[in-house]
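First up is the structure itself, then whatever we jot down about it.
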């Protein structure tokens, strides 16, 4: 008798070929039958009127810390995500020496916007110092699959100590990093991540940025030995720099036979030819035989912030950053009050920046603390400032002071919000759907629901992709690009990662505040819409009727 | 694609300019004007100069298509 049969669904198998109605049979965590009528099973689920697809793969996440205290990566699974790639952008939790944990934690918490209390409560370092130890610690305690990257910055820290952020490596140090990378890949890493943009909490470039091209070349040679992937976060705000990085990646890909990926690529109204030029560069690389995959996120860019939590949005405003970084709330409130004029001036200067537009006036009041201010919710700072006869900076700061820093502001659709243009970009065969940043930036925006949004906006609304193309974009395509061999396609013998959903309603719920993380503060999440069932390696892990299955631990390290 | 180089150990923009733009008057100023992403870095905290992984364009932006 079979373990599980999902009956009479429209099977969209991930290949991109048209769906067909039939049953999906699962036994011992594997798919054993696709289509036709399956025999009896211990558990049967009806999928009549629903789509049966491979579990979705999210290739750009930062669940490293969250997975230490939340085996579900909540709420990723209910959106149909069954495999995630953490460790992007040069930062992974291992390998790391004991005395480097504090420096690394500050770097990770800053760059990925993870609250200190949540990080400290959740990351107990029980695995010691090695990458394999970290994966061993996760094994058996995962509700979804993990295909982890090892971070270039931590490799440098491990080998060079504090000098990782001071100088290029010596030949001997490069060889040590190469050996360490081999060890991580053999332990289960799917590849190496590096960053060309990030800074730490002292504004110092992260270690990977101190690497000479020869160092990255040597590490890429190791990736070539193991057929592993190189991920970079590049200067995504500048088209010429993006194209230069594509050229560098193409050279590395050709020299070492590796797949490379860069994230993110955004559509920008300010540089309307930028995407076309980037795609031309990718096409040229592809014509040379290089594997260079740009990652494109589906959702528009929205950013929320409050002075109650530190936000990367404030990083380029030194006065605001300084007060936002004060841990003690009473001290922070006093500092904001004391430095009011400097903060106002700095906020008002936003409008003077290139493409600054309304500056702070473009922010909208998202939530308030005091009942008397509830009528301000949904109103722009420009509107409020006009009414009060003050500057944007004064309106914003005085409201947040009145509410003892608890006011939330949002700027919606900052970019990447032209659905026709983004849809065309997502449909491009040389583009890879990714860059969700799952598990990161928890106070700035929700990183959940990008897969649902792919269907609701770009299949149903704009028609940029067919249902089958959209499924392929987040299943077989990432599985192939990332070398996750037995996932992403509903085929006999493959792992039974499955999502059942309603093609007419799958989407993302509204962005809501959640206080589920350890410590104070909130994060922004979106719940699923239109998903019925999620199966991970044959385990029914989430259903719309019953929610998350307690103690579901079907997830594995997908690369072991 | 715009031509670019990555810095040699110990390089500053003047050194890159001398190597890549020999005989050009005020080559380091030219180079800086073509690499505003490097000029902007000085505005954030302490300046770290050129990094080994930086891209330095050695020609101006290409004409728009």
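Values quoted throughout were computed directly from the atomic coordinates according to the rules given, and no laboratory measurement underlies them. None of these values were measured; they are calculated from a predicted model. Because the Cβ atoms are built from the backbone with ideal geometry, glycine has one as well, and the counts that use them run over all protein chains shown.
Here are a few things to note about the model shown:
- Residue-normalised convex hull volume from the C-alpha trace of segment A:1-121: 149 Å³ per residue.
- Dividing the mean sequence gap of close Cα pairs (under 8 Å, 6+ apart) by how many residues chain A holds gives a relative contact order of 21 percent.
- Semi-axis lengths (Å, descending) of the ellipsoid that matches the C-alpha gyration tensor of segment A:244-347: 43, 15, 11
- Crossing angle, helix A:213-226 versus chain A [Cα axis fit, 0-90 degrees, rounded to tens]: 20
- When peptides A:126-133, A:546-553 are ranked by their average number of other Cβ atoms within 10 Å per residue, the highest-first order is A:126-133, A:546-553.
- Sorted by Cβ neighbour density within 10 Å, fewest at the top, the residues A:203, A:72, A:63: A:203, A:72, A:63
- Shape class for segment A:108-236: oblate, because the ratio a/c of the largest to smallest gyration tensor axis (alpha-carbon atoms, square roots of eigenvalues) is 1.5 or more and b/c is at least a/b.
- Averaged over B:52-59, number of beta-carbon atoms from partner chains that fall within 10 Å: 6
- Among A:149-159, A:89-99, A:423-433, sorting by the average number of other beta carbon atoms lying within 10 angstrom of each residue, highest first, gives A:149-159, A:89-99, A:423-433.
- Solution diffusion estimate, µm²/s, Stokes-Einstein, chain A, Kirkwood Rh from C-alpha pairs, 4 °C, viscosity 1.567 mPa s: 53
- On Cα atoms only, tilt of A:329-338 relative to the major axis of chain A in degrees: 40
- The mean number of Cβ atoms from other chains found within 10 Å of a Cβ in peptide B:6-17 is 1, as a whole number.
- Cα-based shape type of segment A:303-414, given that a ≥ b ≥ c are square roots of the gyration tensor eigenvalues and the cut on a/c is 1.5: rounded
- Cα centroid of segment A:12-38 to Cα centroid of segment A:208-239, whole Å: 38
- Neighbouring partner chain Cβ atoms per residue of A:241-251, average, 10 Å criterion: 3
- Ranked packing of A:518-524, A:219-225, most packed first, by mean Cβ within 10 Å: A:219-225, A:518-524
- Here segment A:280-318 and segment A:522-560 have alpha carbon centers that stand 27 Å from each other.
- Fewest-first sequence of A:473, A:30 by Cβ atoms within 10 Å of each Cβ: A:30, A:473
- Cα-based helix-to-principal-axis angle, A:392-402 vs chain A, degrees rounded to 10: 90
- From the alpha carbon centroid of segment A:88-119 to that of segment B:8-26 is 37 Å.
- Share of Cα-Cα pairs in segment A:164-264 lying beyond 22 Å, as whole percent: 29
- Sorted ascending by nearby beta carbons within 10 Å, beginning with the fewest, A:461, A:447, B:6, A:242 become A:461, B:6, A:242, A:447.
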